[in-house]
């Protein structure tokens, strides 16, 4: 490069010589420096041009590659469009099939709803008929009940009151403290039905009604009958206690009264009478220890 610059300087100097102009050494050096700078810029420009040509070649390669990729993408898009077209056709077919299916389902539902409405109507009709039948049956049952009651009333008038009627009427009289009427009722029941279902109760309550009238001997007799005829009755503890109480009040057969009172806690320890018997035993002991009154001399 420097050789070229020297030659160029000589050429310029010669040009100045031949042109008749005399250049100084300083002007020559300045001119030489400018020539070197220009040469360097030309070299840089050539290098840049070379780089641009290389980049242009790379760009051409990339453009070519992009073109190929674009072609492939176009083919892919084309295939996708074809697939979409086929899918659209299938979707159309599916939509048509579903539409037909929904139409069939709708018709079926309509038919089912109509049938259900008919069933409801039939059910209401049957319900009304059943209500009429039930009302008719109730009416007939009421008529038959009244007829049976009337027949029973007539039969009762012909044969007298029923056993339960006699017994319950006597119980009512006893609760109302109409002891005379109660005693008559229980006595009538035992007279007609000595082995009736509530004969033991009638005997016991007859004893109570008589005792309330201070008919102690008759009352004691009824309690004794209960103990004799109904030994397994639930009223046994109470009958023993009341029988002993009647004997104490009569001041008769006190040893027998004592035995009955002593037997209650032994045989029926859990009964209420078992708690009441000791009090009567104490009263009985005092009575048995009391000396008998002297008899009056006969005149």
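Where a number appears in this text, it was derived from the coordinates with a stated rule and is not lab data. The structure presented is a predicted model; accordingly, all values stated were derived computationally and were not measured. Here Cβ is always computed from backbone atoms with ideal geometry, including for glycine, and neighbour counts include all displayed protein chains.
A Gaussian network model of the chain, with springs between Cα atoms under 10 Å, assigns the largest mean-square fluctuation among 60, 141, 277 to 60. Here the extension length gained between residue 60 and residue 105 equals 9.7 nm, from 0.36 nm per residue of separation less the Cα-Cα distance.
Considering only alpha-carbon pairs that sit under 8 angstrom and 6 or more positions apart, the relative contact order computed for the chain is 6 percent. In the elastic network of the chain, a GNM with C-alpha springs shorter than 10 Å, the most mobile of 169, 85, 238 is 85.
Distance from the alpha carbon centroid of segment 83-119 to that of segment 239-277 works out to 96 angstrom. Dividing the helix sum by the residues of the chain, where each DSSP H run of 4 or more adds -39500 (n - 2.57), gives a mean residue ellipticity at 222 nm of -30500 deg cm²/dmol.
Is the shape of segment 98-219 rounded, prolate or oblate, going by the alpha carbon gyration tensor and its root eigenvalues a ≥ b ≥ c, with a/c under 1.5 for rounded and a/b larger than b/c for prolate? Note, shape of segment 98-219 comes out prolate. Determine the shape class of the chain: with a ≥ b ≥ c the square roots of the Cα gyration tensor eigenvalues, call it rounded for a/c under 1.5, and otherwise prolate if a/b is greater than b/c, oblate otherwise. Verdict is prolate for the chain.
Extension gain for residue 252 to residue 114 (0.36 nm times residue separation, less C-alpha to C-alpha distance): 40.2 nm. Within segment 161-288, the ratio Rg/Rh, alpha carbon atoms throughout and Rh by Kirkwood, equals 1.00. Between residue 128 and residue 175, the contour length at 0.36 nm per residue exceeds the alpha carbon distance by 11.9 nm.
Of 67, 168, 211, the sequence from fewest to most neighbouring Cβ atoms within 10 angstrom is 67, 168, 211. Simple spin-label estimate for residue 70 and residue 42 gives 4.1 nm between the two label positions (7 Å along the Cα-to-Cβ direction from each Cα).
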